[in-house]
Structures are given as C-alpha cells and as structure tokens.
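Read the structure below first, then the notes.
The values are calculated or read from the model by the stated rules, or taken from the named source; none is laboratory data. Only a predicted model underlies this, so the values are computations on that prediction, with no experimental measurement involved. Cβ sites come from the backbone with ideal geometry, for glycine too, and all protein chains shown count toward neighbours. All accessible areas refer to the heavy atoms of the entire protein, side chains included, with ligands and DNA or RNA removed. Shrake-Rupley method; radii C 1.70, N 1.55, O 1.52, S 1.80 Å.
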Amino acid sequence: CFVASPLAVAIGLSVDFSSPHGTAIVDIGRGTTDVAVLSMGGIAVCESARIAGVDFDEAIAKYVRREHNIQIGMLTAEKIKTEVGAICPQPLDVALFAKGLNQFTGLPQSFEISTEDVVNALAEPAETLVKAVQNVLEQTPPELAADMAREGILLTGGGALLRGMSDFLSQRLETKVTL
C-alpha cells in the first residue's frame with residue numbers, strides 16, 4: 001500500500017487536513033516535485049512534475065560544459081549545488097574549485113564556480129518549478145486557494161534545502177512559503 005508523498009509529509013508534520021480547509025504542500029524530491037492541496041482528509045488537487053534535484057544537477061553540469069568547456073559528472077554537480085548552490089542571488093557569493101575533464105584535451109582540469117554561476121545555471125529549471133506549482137494552484141478551488149493565500153505553502157524535500165528556495169518561491173508565487 002502506497003501513500004502519496006504529500007500525504008506522508010502532512011502526516012509527518014502533524015498537519016490537520018481533515019477539515020474543509022486547504023493546505024498546500026510542495027515536496028521537491030530527487031526525481032520529481034509533488035505539489036498538492038490537501039483538504040477533507042485527502043488530496044483535493046495534486047500533480048507530480050518532472051523537475052527536481054536531479055534536474056538542478058544536470059543544469060549545473062550543462063552550465064559548466066557551456067561556460068568552461070569542462071565535463072563534470074552528476075556527483076560533482078550535486079556537490080557544487082550543495083556547497084555553493086542557490087536558486088536566487090545571495091548576500092554572500094562564495095566559490096568552489098572543482099575538477100572535470102576538458103572537452104578539447106580530455107585531460108583533468110580545475111575550474112572555479114560561484115554561487116552566482118549556480119543561480120544562472122538554475123534559472124531555467126527554477127522557472128519550470130514555479131510553473132508546476134502555479135499549475136496546481138490554478139486548478140485549486142477558490143475557497144482552498146484563499147486558505148493558501150492566507151496561510152502559505154509548506155515546502156519539503158531535499159530540493160527545498162537549496163539556498164533561497166523558500167524565498168524564491170515566496171516571491172514568485174506571491175505567498176508565504178515555509179520550509
């Protein structure tokens with residue numbers, strides 16, 4: 001028996017979704033982002049979007065290949081994401097030295113990548129994520145949407161830990177987002 005991840009999150013957070021009150025949950029996982037509005041003991045609206053942590057890693061790898069002519073693996077991209085990554089500009093721009101293979105020589109090469117670089121790399125998947133959440137909110141009945149506008153959205157999952165994610169979604173969705 002499987003439980004939808006937004007329901008599991010709500011249960012784990014002790015969120016009461018048994019009443020006709022809407023609770024929105026965005027669960028950014030490794031392979032998908034589940035967006036759901038819970039009410040009356042179940043899911044009122046739900047969508048699973050194919051945009052998540054692995055897509056952020058791939059975007060970083062593409063950026064490094066395009067900007068530095070260096071090929072990196074997904075583990076290096078994930079390390080960059082977790083150590084200096086952010087979804088939106090940060091007050092402190094930090095940098096990291098990493099290694100990959102030069103695309104022209106095939107030899108190992110070091111390069112520097114900063115938080116600002118990662119923000120630029122993640123611009124496209126970030127917008128895709130916003131559109132996925134907006135799509136669910138557009139399908140939400142007005143009464144439940146009003147609850148979300150008042151109380152905000154709960155943000156969970158490993159992808160939610162990316163620096164600035166809750167602030168970014170809050171600005172783009174024009175509602176409170178709680179990590």
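If you take the residues in the stretch 69-118 that are within 23 Å of residue 158 (Cβ to Cβ), touching a residue at least 24 places away in the same chain (Cβ under 8 Å) and open to solvent by 90 Å² or more (accessible area, probe 1.4 Å), which one is nearest to the chain's Cα centre (by Cα)?
Only one residue tops the list, namely 89.
Does the stretch 45-52 contain at least one residue that is in contact with a strand residue (DSSP E or B) (Cβ under 9 Å, 6 or more places away or on another chain), surrounded by fewer than 22 Cβ atoms within 10 Å (Cβ to Cβ) and over 30 Å from residue 121 (Cβ atoms)?
Within the stretch 45-52 (the criterion being in contact with a strand residue (DSSP E or B) (Cβ under 9 Å, 6 or more places away or on another chain), surrounded by fewer than 22 Cβ atoms within 10 Å (Cβ to Cβ) and over 30 Å from residue 121 (Cβ atoms)), the answer is yes, since at least one residue qualifies.
Exactly one of (1) at pLDDT 95 or above; (2) surrounded by fewer than 19 Cβ atoms within 10 Å (Cβ to Cβ); (3) not polar (S, T, N, Q) is unmet by residue 152. Its number?
(1)
Of everything in the stretch 53-68 that's closer than 29 Å to residue 5 by Cβ and over 15 Å from the mean Cα position of the chain (by Cα), which residue is least open to solvent (accessible area, probe 1.4 Å)?
Here is the first cut: in the stretch 53-68, the ones closer than 29 Å to residue 5 by Cβ are 53-63.
From what is left, the residues that are over 15 Å from the mean Cα position of the chain (by Cα) are 61-63.
Details: 61: 4, 62: 113, 63: 21 Å².
Selected residue: 61.
Out of the residues in the stretch 17-34 that are β-branched (Val, Ile, Thr) and closer than 13 Å to residue 7 by Cβ, which is most open to solvent (accessible area, probe 1.4 Å)?
23
Tell me which residues, restricted to the stretch 16-45, are touching a residue at least 12 places away in the same chain (Cβ under 8 Å) and more than 29 Å from residue 56 (Cβ to Cβ). Talk me through it step by step, then tell me what you get.
Going through the stretch 16-45, the residues touching a residue at least 12 places away in the same chain (Cβ under 8 Å) turn out to be 17-45.
18, 19, 20, 21, 39, 40, 41, 42, listed by residue number.
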